[in-house]
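Asker: Please see the structure below; I have some questions.
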Amino acid sequence: MRISEDRYDRDRQRLELALRFLTHEARTQTIRIWTGLSDDRIRKLYRSHLGRAACYVPRHRGKSPHQAACFTRSLRIQQETAVLASFFALAGLVPAEPSAAAGAALPDIARGNALCNAFETYTIMIPAASISFEYAVFLAECLARGDQLRLGRCCDCGGMIVVERFPIREKRCHHCVTAARLG
């Protein structure tokens, strides 16, 4: 019987991605969906690697975020959402044509690593970021499905923004709204 290195490599990649998700304080359900690991394996990974770490990493319980209104509640959050969405688009997480099938195909190892890279870049660019990792995962899923949110353009400058699927009026970016208020 021949041992396949591909299988072990795939398991190692799953564990590494799960550990990255754990350091970003992702919920067990989210990690399970993106890595395919069991809940028990995720908990054991946390206990063995992060449970007694010098820097405490909290574990969040309950349901993952599921309301898209949190991304449009203030201009600051809208601006941060646009920045994060642009990193997702650059990482290839947002398809050209959003669909339910694209949203279902999103969770895998390669895209999970791209998601982590995009989120880490976002937190470097915006040190006091308001969007947590769980909300970032939800945003990526929403943009891939296109059922609640989609990428759009500012009606004044043409900059990329995140808009509701069926906006009531044309949307403006944070910069254009501020410029209109000032003058």
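We did not get these values from a lab; they are worked out from the coordinates using the rules stated. What you see is a predicted model, and the numbers here were worked out from it, not measured in a lab.
Asker: May I ask you to derive the relative contact order of the chain, considering only C-alpha pairs under 8 Å and at least 6 residues apart, and to give it as an integer percent?
Answerer: Contact order relative to length: 21 percent.
Asker: Which whole number in µm²/s is D for the stretch 1-160 by Stokes-Einstein, with the Kirkwood Rh taken over Cα pairs at 4 °C and 1.567 mPa s?
Answerer: Answer from the Stokes-Einstein relation: 77 µm²/s.
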